[in-house]
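Working notes for the structure below.
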Amino acid sequence: MGVFICDIDQAKGSFYKAANAMFGKVGRLELEEITLQLIKTKCIPMLLYGLHARPLIKSQIWPIDFVVNRFFMKLFNCTGIKTVKYCQEQFGFELPSDTLTRLINRFLDKLSHCANRVIESVIDR
């Protein structure tokens, strides 16, 4: 049986396009909290859209976090991942991989309560 591999380049491209457009408008003029809230509500959903319903391997998950880490480097004008992690922690910013794990768990929970016979035959109850 083959492994379904998902190409996340389009999702990353959508994130970069939206994040750079937003950053181009607000730039360094706005508070970081506002910029991060916009990223969280407008750009992260583009990055994660539909990924909770697909099986992903680790080599597909780390690039999702990478694009966000790169944005943090741009926003805070830094290059070190330790600084990025510190900023994410201070702003309470959840990495996309953590958000994705939460979405997957919620998706599977909803599936497990589904009364559809086809779904029941595919998942373990």
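The values are calculated or read from the model by the stated rules, or taken from the named source; none is laboratory data. Just so you know, these numbers come straight off a predicted model, no measurement behind them. Using ideal geometry, Cβ is built from the backbone for each residue, glycine included, and neighbour counts are taken over all protein chains shown.
Checked against (1) at pLDDT 90 or above; (2) touching a helix residue (DSSP H, G or I) at 6+ places or on another chain (Cβ under 6 Å), Phe107 meets all criteria but (1).
Restricting Arg102, Arg54 to residues that are basic (Lys, Arg), under 30 Å from Leu31 (Cα atoms), at pLDDT below 95 and loosely packed, with under 14 Cβ neighbours inside 10 Å narrows the list to Arg102.
Please verify whether Gln37 is under 15 Å from the mean Cα position of the chain (by Cα) and modelled with pLDDT of 90 or more, treating the condition exactly as stated.
Numbers: under 15 Å from the mean Cα position of the chain (by Cα): yes; modelled with pLDDT of 90 or more: yes.
When the stated conditions are applied, Gln37 passes them.
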